[in-house]
Amino acid sequence: MTTPGNNGANTPEDDDPFGYLYEDGQAAGANPPRTGGGYGYPGPTVGQQQPGVPRTSYNQVRTVGERQYGQIPQQQYQGQYQGPPQQAQPIPPQQYGQPTAQYAAPETYPGGAPPRQGPPPQQNGGGGRGPNTKGLLIGAVAVVAAVVIGIAVALASNGDSKDKKDDAAKPGSSTSGQPATPSTDPSPSDSAPAALPKGDAATLTLGGPAQVGTNVPGAKGTGGAFVGNFNNVGASVTWKPTVQKAGSYRLYLRYGIPGTDASATITLNGKPESRPMNMKNFANSPAGDWAKGWQSTYAIVQLDKGANEIKLSCEQGNQCNANIDQFWLVSGS
């Protein structure tokens, strides 16, 4: 029993847990702690205290580096695994100050750090050029070819349909496989109108003082020839055209005047026409200039089928100061 002023044989300050580290502690017999024991000055455990002998620490402090961490007690390990003891492999204890397996660096594995996996190799054979552009190009060409073929087929189908419609519309055509009925219509060569006649005045029948001349340039007759000296009563030019159909025609005349109006009488199949051939100065050519006075006019005549006789003459009351170049006919009035 302790009394005031008497704290017993061992006071707390005598419990130096690190006494074995000092010379006086070592001289007092302090030793480092052993496995399962405490550390500090040697002595009996609590309840067996001897006077004058330092007691051991209540905390059972161990030497630095001796304590173990992460070790699972055997009974707890067996409680977690219900299988045979030989199948459960206990986790080896980790020494203090060493890294656990979960945080070990790659270089601590046997053989060093595992090699780093690089990017997967290219599969397109393009040497890192990106996507397979050749495949895309082939696909695009195939699509364009399909579109072109479709358009060609559509055009061919439309053309065949149009040809069939045209054949069905033709006279005498048959689309049912039966022989076509012979057509009674005239052939195109028969129905096509023949070219209407045309004649140079210098090659026609001349009468009276009329004669062929070539001294005025601009005539369209063969060799530049025309009928001149027509300004005398009795001078005439007779043309005998042949037509395939009777009817009204335009009788065209190319003539030349010296800038003044002229006229002549038309006789058709032996009968004088009531109206003369009007040879006015439609081109407003200058007076006295025969070369610039070439122009044309026409008159309506009724012709018979076959040969006809047309006579142009200078009669009393006509102004016949003109040169006659060509005649031609145009169907219709």
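The values are calculated or read from the model by the stated rules, or taken from the named source; none is laboratory data. This one's a predicted model, so the numbers in the text were calculated from it and none came from an experiment. Quick reminder, even Gly has a Cβ in these numbers, built from the backbone with ideal geometry, and neighbours come from all protein chains shown. For the accessible areas, the whole protein counts, side chains as well, though only heavy atoms, and no ligand, DNA or RNA atoms are used. Shrake-Rupley method; radii C 1.70, N 1.55, O 1.52, S 1.80 Å.
The accessible area of S296, taken with all protein chains in place and a 1.4 Å probe, comes to roughly 60 Å². Segment N229..Q302, full-extension length gain: 23.4 nm, with 0.36 nm per residue of separation and the alpha-carbon distance subtracted. Can you pick out the pairs among K220/K305; K271/K305; K220/K311 whose Cα atoms lie more than 26 Å from each other? Table pairs above 26 Å Cα-Cα are K220/K305. Debye calculation, C-alpha points only, no solvent: report log10 I(q)/I(0) for the range 209-300 at q = 0.13, 0.19 Å⁻¹, in the same order as the q values. Those come out to -0.49, -1.03, one per q. A 1.4 Å probe, protein heavy atoms only, puts the accessible area of Y298 near 100 Å². Near the amide H of G293, within less than 5 Å, lie the amide hydrogens of I257, all on another chain or at least 5 residues away, with H placed in the peptide plane. Taking 7 Å steps out from each Cα toward its Cβ at A152 and S274 produces label points 7.2 nm apart.
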